[in-house]
1. Look through the stretch 40-86, keep the residues that are under 20 Å from Lys120 (Cβ atoms) and touching a Pro at 6+ places or on another chain (Cβ under 6 Å), and return whichever of them is surrounded by the fewest Cβ atoms within 10 Å (Cβ to Cβ).
2. With a cut-off of at least 2 residues that are of a type in the set (Asp, Glu), name the strands (runs of 3 or more DSSP E) lying wholly within the stretch 131-215.
3. Quick check on the stretch 106-129. Is at least one of its residues small (Gly, Ala, Ser), in a loop (DSSP other than H, G, I, E, B), under 17 Å from Gly171 (Cβ atoms) and within 16 Å of the chain's Cα centre (by Cα)?
4. Only one of these conditions is not met by Ser45: (1) closer than 24 Å to Pro208 by Cα; (2) assigned to a helix (DSSP H, G or I); (3) polar (S, T, N, Q). Which number is it?
5. Can you confirm whether Glu20 is among the acidic types (Asp, Glu), within 20 Å of Trp172 (Cβ to Cβ), modelled with pLDDT of 95 or more and surrounded by fewer than 24 Cβ atoms within 10 Å (Cβ to Cβ)?
6. Look at the stretch 34-58 and say how many of its residues are in contact (Cβ under 8 Å) with a residue 12 or more places away in the chain and under 12 Å from Ala12 (Cα atoms).
7. Has the stretch 154-166 got any residue that is under 15 Å from Gln95 (Cβ atoms), surrounded by 14 or more Cβ atoms within 10 Å (Cβ to Cβ) and touching a helix residue (DSSP H, G or I) at 6+ places or on another chain (Cβ under 8 Å)?
8. In the list Glu75, Glu113, Glu139, which residue meets the criterion of being over 24 Å from Leu187 (Cβ atoms) and either at pLDDT 95 or above or among the polar types (S, T, N, Q) (or both)?
Amino acid sequence: MSDNAPQNHPQAEKLARELERKGIRDKRVLAAIASVAREEFIDASLREYAYLDKPLPIEKGQTISQPYTVAYQSELLGLKPGEKVLEIGTGSGYQAAILCEMGAVVYSIERYEALHLSAKATLHRLGYYPHLFFGDGYEGLPEEAPFDKILLTAAPDVVPEKLLKQLRVGGWMVLPLGGRMGQKMTLIKRLGEEKFSESEHGDFIFVPMQKGTEK
């Protein structure tokens, strides 16, 4: 959670109520949405749109996801306080802030150095201190593994094998899986060393997951 004293964000609270009407049920997800000032994660020129349930552009041709999508992924993750979560694609830092508010120990990796530095500055200014890394999301963070949960905020064509290996037995991974025309939100559970289950949870559109890093 934020190190700062809890603040009242009326627009964020209104957004949380809207997401509840749209089907989000996890009270901890809704409380996190109501607690995080989304306007802090976007360009000042777009702040009037911060609490619309829409994705918005950020640097490097990326987006801050639609709030419903952030909430949906967070709910699907089945997060428990204190769990160690790896986020692939820090982006603006908004999703990391939501996970922090939910009591997760967050590790987040971003392939664009400019986004990594910007998100770090924003999160620290707001009192959030996840473990942030500049690197290739396809590689994950093997030195920090295993993780209880892994969340991807960009879409690979196939499930990254290295990330599966960084999930603990009993752990869950949530990712949008598929090509550029749209993806299936997918929940993967690691049932054993070599045994996984997979289920689909609706259609979404995410930016494609890319390999390597960019300064």
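1. The qualifying residue surrounded by the fewest Cβ atoms within 10 Å (Cβ to Cβ) is Thr63.
2. Numbers: elements: 131-134, 147-152, 167-177, 183-190, 196-204.
Per the criteria, 196-204.
3. At the first step, the residues of the stretch 106-129 found to be small (Gly, Ala, Ser) are 108, 114, 118-119, 121, 127.
Next, only the ones that are in a loop (DSSP other than H, G, I, E, B) stay: 127.
Add one more test, that the residue is under 17 Å from Gly171 (Cβ atoms), and what stays is none.
No - not one qualifying residue is present in the stretch 106-129.
4. Of everything listed in (1) closer than 24 Å to Pro208 by Cα; (2) assigned to a helix (DSSP H, G or I); (3) polar (S, T, N, Q), Ser45 misses just condition (1).
5. Numbers: among the acidic types (Asp, Glu): yes; within 20 Å of Trp172 (Cβ to Cβ): no; modelled with pLDDT of 95 or more: yes; surrounded by fewer than 24 Cβ atoms within 10 Å (Cβ to Cβ): yes.
In short, no.
6. 10
7. In the first step, residues of the stretch 154-166 are kept if they are under 15 Å from Gln95 (Cβ atoms); the result is 154-155.
Narrowing further to those that are surrounded by 14 or more Cβ atoms within 10 Å (Cβ to Cβ): 154-155.
Of the ones still in play, those that are also touching a helix residue (DSSP H, G or I) at 6+ places or on another chain (Cβ under 8 Å) are none.
Looking through the stretch 154-166, none of the residues is under 15 Å from Gln95 (Cβ atoms), surrounded by 14 or more Cβ atoms within 10 Å (Cβ to Cβ) and touching a helix residue (DSSP H, G or I) at 6+ places or on another chain (Cβ under 8 Å).
8. Working: Glu75 fails: over 24 Å from Leu187 (Cβ atoms); Glu139 fails: over 24 Å from Leu187 (Cβ atoms).
None of the other options fit; the residue is Glu113.
The values are calculated or read from the model by the stated rules, or taken from the named source; none is laboratory data. What you are looking at is a predicted structure, and each value in this text was computed from that prediction instead of being measured. Every residue, glycine among them, receives a Cβ derived from its backbone with ideal geometry; neighbour counts consider all protein chains shown.
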